[in-house]
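Quick notes on the structure that follows.
Just so you know, all these numbers are worked out from the coordinates, no wet-lab data involved. Since we're looking at a predicted model, the values are computed, not measured. We place every Cβ from the backbone using ideal geometry, glycine too, and count neighbours over all the protein chains shown.
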């Protein structure tokens, strides 16, 4: 196996997902600039260059209003799945009574043996060796990182929306808004709620659909022959 093939085999999922992201973010950028310039032309304003569009409220708001809702949903979902269950779902940890099944105990013993073998070869991650606050932060690092990204993206959504709102107000010779005025506006919160509701309904449907529906070979699905009542977290 060549080096490139090995890299793709080990990282194929992230490579494909980031490649798709690059295709779509570039498409958004170029199409969005055309749309933005058409709007400027309708109001007698000169078109913007690519660098000007990159820093425009139109592009910043459109990008980060989607990012913030994704990070919010993922961060909260990671936290909730630590202590909430959904019987039969591939998205849930096994219920305590399911873990008492002798077959499940054998699987857990095998997984524990595999983990010990990997640790013997690679060692513990350094935060575990350091202990104390580093170990604590590492124990919750996934949700912490996602929620930090959420707050950064949420701020940038507000910043981009504020810039875009004031540009639109300038078209009609209206006074600009302060940032906090825009943040407290119904327009900002209406846009935010649109994104949040769509994120959580999609996750809720995935949790429920994974009880009854299957996708052969997917890590997000139970085995095709698994019973509906079986939880495969």
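The ranking of 84, 167 from fewest to most other beta carbons within 10 Å of each one's beta carbon is 84, 167.
From most to least packed by mean Cβ count within 10 Å, the peptides 122-131, 27-36 give 27-36, 122-131. Modelled this way, with points 7 Å down the Cα-to-C-beta line, the labels at residue 85 and residue 198 are 3.5 nm from one another. Before rounding to the nearest 500, sum -39500 (n - 2.57) across all DSSP H runs of length at least 4 in the chain and divide by the residue total; then give [θ] at 222 nm in deg cm²/dmol. Computed ellipticity for the chain at 222 nm equals -24500 deg cm²/dmol. As a calculated quantity, the FRET efficiency between residue 220 and residue 97 at R0 = 25 Å, using C-beta atoms, amounts to about 0.55.
Go ahead and collect, in residue order, the members of segment 57-84 whose backbone nitrogen is under 18 Å from a label point 7 Å along the Cα-Cβ direction of residue 39. Only 57-67 pass the distance filter. The order of the peptides 213-219, 159-165 by mean Cβ neighbours within 10 Å, most packed first, is 159-165, 213-219. Each peptide in 11-17, 147-153 receives the mean, over its residues, of other Cβ atoms within 10 Å, and ordering these scores from highest gives 147-153, 11-17.
Sorted fewest first by neighbouring Cβ atoms within 10 angstrom, 70, 65 come out as 70, 65. Ordered by the count of other Cβ atoms within 10 Å of each Cβ, fewest first, 177, 22 give 22, 177.
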